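The structure under discussion appears below in the form of structure tokens.
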Amino acid sequence: MNYYEFFPNRDELLEEIELLKAEGYYESDFHVLAVEEADPDEMQWIKYTDINFHPYFSEGEGLKSIFSANEPAKNFMQRIELSDATSVEYLERIQGGEFFLYYTDEDKYAREKDAGRTPDAGAESP
């Protein structure tokens, strides 16, 4: 299943990621789409994680996106098969400063299966 959510700031995003990690997700399961700030210190934290970062580039920064080590947010939106209208809306929100978090439960379930556990093992049955 695919999950995604917007966060108004970095701190709320990181709080949510920590909660999800406690549920068995890994940092590498997450994709964060955000504006790469003009202030180089603003997004330095992402370099110290295994989170997949997809920077937002405006149309005027097309050349900059070619030299980015990370897949641009616009390309990622197309890859996860959001409709054009939804992609445009979401990219506008990202451009406005929000953080977009995307993840699936596929890798988590594969890890649990490899460890001999069934997904959601331990959940009580009604």
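The values are calculated or read from the model by the stated rules, or taken from the named source; none is laboratory data. Predicted model only: the values in this text are computed from it and were never measured. Counting neighbours? That spans all protein chains shown, and the Cβs are built from the backbone with ideal geometry, glycine included. What goes into the accessible areas is simple: the full protein's heavy atoms, side chains included, and nothing from ligands, DNA or RNA. Shrake-Rupley method; radii C 1.70, N 1.55, O 1.52, S 1.80 Å.
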Exercise. Taking the simple approach of a point 7 Å from Cα along Cα-to-Cβ for both Met1 and Lys21, what is their distance in nm?
Worked result: 2.3 nm
For this session: Just read off the accessible area of Ile94 with the full protein assembly in place, 1.4 Å probe, to the nearest 10 Å².
Result: 0 Å²
Problem set entry | Potential lengthening between Ser58 and Glu106 on full extension [0.36 nm per residue; Cα-Cα distance subtracted] | 14.2 nm
For this session: With all protein chains present, calculate the accessible area of Met1 using a 1.4 Å probe and round the result to the nearest 10 Å².
Result: 140 Å²
